[in-house]
Amino acid sequence: MGLLLLLTFTLLSSWRPVGAQSPFTIRNVNLVIEPGNDVMRDTNVTLRCQAVVSTSDKQLLSRAYRLYKDNILVYTDTTNSSEDLVYQLPLARVSNTGKYECQIVIEGKSMSSEPKKLTVTGLSTPELHLSKRVLNEGEEVIAKCTAPGEMGPIIFYFYADFSEIKEERVNKNHVEVALRFNGAGIRKINCSYVALIMPNSVRSEQSNIVSISVKELPLNPVLEISPHQRVYEGDPLNITCTIGDFHSYSEKVHVYLSQGKHLLSFGTNKVNYSKLAVANEPGEFECRLEMGKVAKVATATVSVTELFSVPTLTVSPKDVFQEDEIKLICRSEVYAPERLRREELVYTIDPLRSHLVSGRGAGIFSGKTLPYEFNYTCSAKAKEIVKHSKTLRVSPKVPVSQPKISVVGRAVLGRPFQILCQSDKGSLPINYTLWRRNDLLKMAIVKQLPQKALFNVTIQRPDEISQYMCDAQNKQDRVVELSKRLNASVTVPVSDTLLTVLPDLRNIAEGDRLYLICSINGTPPVTFKWYRSGRAQPLSTTTSNKITLDYQVPEVSREHSGTYYCEAGNYANNVRSQLVTIDVRFERTAVSVWTERPSKPASDEESSLASHEPDVEYTEVVHPQPADPARVPLRKGTDTVYSELQNAPHGVANCCDYGSEEYAELNGEQPEINHTHLDGYNHHDLPVPVD
């Protein structure tokens, strides 16, 4: 019973459906290079591909082997044998050098070996063979160079007397080339080659040396020139190019006559050529003969003396202005007196316009310059020889126009500013000069754009601005162009800012209309600002063309009490007034008021007067009556003012209607305040400041 079970299990284990694949796996593929990876030339090399395959039965599997060199398939084989694949490289050459890889494929499965590098060193010595050893000039000889046993691609090199004369690349181990030699003598010929083993190359040794004998042909060119010495421009030259004993050769001989790179004539066996001698042409003539591949040359040099030099064209004077008188001078500086008299030279100018006439002396043309650029050339002629000068461009300069004088930016009294002097027309360089009355102050030279003539000045009085003038000049002997007087506004910095209060400071009662009048010295427009101490933002800001402006509170209350000041500024500066303290009372009384003089550094003049003036101002108030702002004397500067003021009752607003522009909140919940101009008043309407 046990035997029967064992037999049944064995049969079931070995059974598989018809057409089913046998289980297998490719475990390893290895490539072996024998006798080694580095071998010398002519070594027998074996490439062995070993594959390890595991299978579940003894059935032989079909194996496909593929052998690659540098990723290129070089051999393939299919077998059912499990033996190694063997690939032979008998007598290995350098061309066998490369990376080899073996691949096995079994029923769709594949595996490759690791690549192995085979390096073969040593090239075979090249062999040279020539078709003949004796030849004539220009005759061909066939040279064959062979690299025994090697494979392409190969580059072959041929040498004559150890100098390279030929190069050929082929995909085989030999090459044939045709060589020719000019000149008689013994030549030593050899060759070598380079095997291209990508990405490298290997150079062989030199081949055997083969000597050949080259015989010279008794064939020479003959070049004859008449005359050969003391040749002048215009002399006739007769030139002959020929060969000697050319009748002894059946092959045609071609001759070519050249001067420099210019071919003068050509023909068979002989040519004649005539021409006039010209100076400054190439003086070397060449006679060249060609028979087949043979070429021989004879040369001769002819020196030609100039009859006269190429003329030069100049202008006088060099710096010319439009409509100026000029001279154009055409002159050949050198001539051959033994062949030519100077008066034989005839000069012409091109183009000869109506503005130019021939002057005294040959080659001199005079007239006026054109108002624009113009090109001129001139010619010198003698003995039928004509020579032309280089082109002369005459570019007349433009006279400077009357300059304009102006202020750059703003002119501020007492501060440096710039004056620009500029002409609309005029060729550079231009000399500019700044004058004050008759005094020369400064000079500037404008040599190129965008340079400008700028002068730094400072004035102390506004009327000084009109004392400046400038002039411009771009030619020494021309009249200097003078500008008009400088006409520009002068900004006087703000000074003597004064805050005046109406009604009187000691008699301001609730309900009164309060006027804060700010006056200054300086140039409008002026920006006025009124401040209450303790606040960063102004109560009001206004820009005006007047020098006196007011700010008003239509109806004051106790909450308006405090310290006030004004600030005024123009383009030059900003100046703050003195502080004024306002104390609003419930009712007004007649009082006498003492006010302090505003603090200010005194000028020398003021210092001299200070000793005669009191240090305080005294104002006597007699009766509380309405105040008229138009009667309030204002101060310029900080001069002491003594005046009579009257208290203003609550009805002051009915007396003087100040109008209304805008209201600004002064303090918390306190009443609105009004800023206006006094009715119809400007700085001309105000009382004249007390001096």
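The values are calculated or read from the model by the stated rules, or taken from the named source; none is laboratory data. This one's a predicted model, so the numbers in the text were calculated from it and none came from an experiment. Counting neighbours? That spans all protein chains shown, and the Cβs are built from the backbone with ideal geometry, glycine included. Surface areas here come from the heavy atoms of the whole protein model, side chains and all, with no ligands, DNA or RNA. Shrake-Rupley method; radii C 1.70, N 1.55, O 1.52, S 1.80 Å.
Assorted remarks:
- Theoretical gain in end-to-end length, K484 to A336 [0.36 nm per residue, Cα-Cα removed]: 47.1 nm
- The 3J(HN,Hα) values that the Karplus relation (6.51, -1.76, 1.60; θ = phi - 60°) gives for region 367-379 are, in residue order, x, 9, 5, 7, x, 8, 5, 8, 9, 10, 9, 9, 10 Hz. Gly and Pro appear as x.
- Phi-derived couplings, Karplus 6.51 cos²θ - 1.76 cosθ + 1.60 at θ = phi - 60°, listed residue by residue for region 317-329: x, 5, 9, 10, 10, 3, 6, 6, 6, 9, 10, 9, 10 Hz, with x used for Gly and Pro.
- Modelled FRET efficiency - R0 30 Å, R576 with R436, Cβ distances, 0.05 increments: 0.30
- Segment E114-D324, extension gain: residue separation times 0.36 nm, minus the distance between their alpha carbons: 66.1 nm
- Annotation: lysines with alpha-carbon distance below 29 angstrom to K99 (same-chain offsets under eight excluded): K69, K109, K116, K117, K172.
- Here, region 131-255 has an Rg and a Dmax of 22.4, 71 Å when only alpha carbons are counted.
- Where GluC sites (Glu not before Pro) fall in DSSP loop in region 77-147, at most 16 other Cβ within 10 Å: E83, E107
- Convex hull volume per residue in cubic angstrom - Cα atoms of region 32-162: 140 Å³
- Accessible surface, region 393-517, averaged per residue in Å² (probe 1.4 Å): 51 Å²
- Computed over neighbours whose Cβ is under 11 Å from that of P311, the net charge equals +3, Lys and Arg +1, Asp and Glu -1.
- Inter-part distance where region 439-508 and region 274-334 are each reduced to a Cα centre, Å: 64 Å
- Inter-label distance for K261 and T541, nm, one decimal - labels placed 7 Å from Cα along Cα-to-Cβ: 7.9 nm
- Once both labels are positioned 7 Å from their Cα atoms along Cα-to-Cβ, the gap between S201 and K275 label points is 4.5 nm.
- Accessible heavy-atom area order of K58, K109, K425, K69, highest first, probe of 1.4 Å: K58, K425, K109, K69
- A cut-off under 15 angstrom between Cβ atoms defines the neighbours of E384, and their net charge, with Lys, Arg +1 and Asp, Glu -1, is +1.
- Only lysine pairs 8 or more places apart or on separate chains count here, and in region 260-404 those with Cα atoms under 25 Å apart total 25.
- Accessible surface computed residue by residue for region 249-387, with neighbouring protein chains in place and a 1.4 Å probe, gives 58 Å² per residue.
- Averaging Cα coordinates gives a centre for region 95-136 and one for region 161-222; these two points are 26 Å apart.
- For region 142-188, the per residue solvent-accessible surface stands at 53 Å², with DNA, RNA and ligands left out and a 1.4 Å probe.
- Rounded to 0.05, the FRET efficiency of the V210 and K252 pair, given R0 = 30 Å and the Cβ-Cβ distance, is 0.40.
- Relative to the current alpha-carbon distance between E284 and K425, full extension at 0.36 nm per residue lengthens the span by 45.1 nm.
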